[in-house]
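Before any comments, here is the structure.
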């Protein structure tokens, strides 16, 4: 957690725990009590909320804002594992078993966090079985998702994963049309998180689609002109041959 985050006292809805998903079953009166046990901090965009391998001191509830869970690769590149936002929690496993944080979390925009000590969090899940069950359901969903991602990551390359995600998001433009589109194309960072790769890999993959005329970006949508060619690039990991240049009559 960033040590220079600005501390704030709970006051009003902005600094309440009412929107925290894992605490949804906790009565309002008890949430008010938990707020008095929390330290609220404002974290600026770009700051580190949690450092991988850092000591486990507390669980963090995101009151507002958005952050990226990342793994650093060799060099300066990084892969976004997930995106978290208001209502989510961080560090629950470390707060339970005392192990180090498993990933780095970086604020993507200004965030307000509520920090609850490890001891207070453990006492909460002991007295509130419904909170423990909520955590178990969340972790079960994460494990299932990770199983799918590990299978995908181990079988195809980064650009192929980007193409796979685009295919998953694509819809037929209109009934009877042969052209497909992604109506609300995610940004490079979000698409990188979904495909378990880097922003550079996303940029390279989309640039390749555009250069070959397979897809084109229009405002917030991605139009797919050749759906089969995109499928071939995803399945084979090979780029289809570029269109042959027309012979000059000159």
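The values are calculated or read from the model by the stated rules, or taken from the named source; none is laboratory data. The model shown is predicted, which means the values in this text are computed figures rather than measured ones. Note that each Cβ is placed from the backbone with ideal geometry, even for glycine, and that neighbours are counted across all protein chains shown.
Worth pointing out:
Residues checked against (1) in a helix (DSSP H, G or I); (2) modelled with pLDDT of 90 or more; (3) surrounded by 20 or more Cβ atoms within 10 Å (Cβ to Cβ):
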residue	(1), (2), (3)
96	yes, no, no
116	no, yes, yes
119	yes, yes, no
123	yes, yes, no
131	yes, yes, no
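- Per-region count, the stretch 189-207, residues surrounded by fewer than 17 Cβ atoms within 10 Å (Cβ to Cβ) and touching a helix residue (DSSP H, G or I) at 6+ places or on another chain (Cβ under 7 Å): 3
- Options 124, 133; residue that is more than 14 Å from the chain's Cα centre (by Cα) and in contact (Cβ under 8 Å) with a residue 40 or more places away in the chain: 124
- Condition check for residue 22: over 15 Å from the mean Cα position of the chain (by Cα), in contact (Cβ under 8 Å) with a residue 24 or more places away in the chain, within 21 Å of residue 145 (Cβ to Cβ) and not in a strand (DSSP E or B): yes
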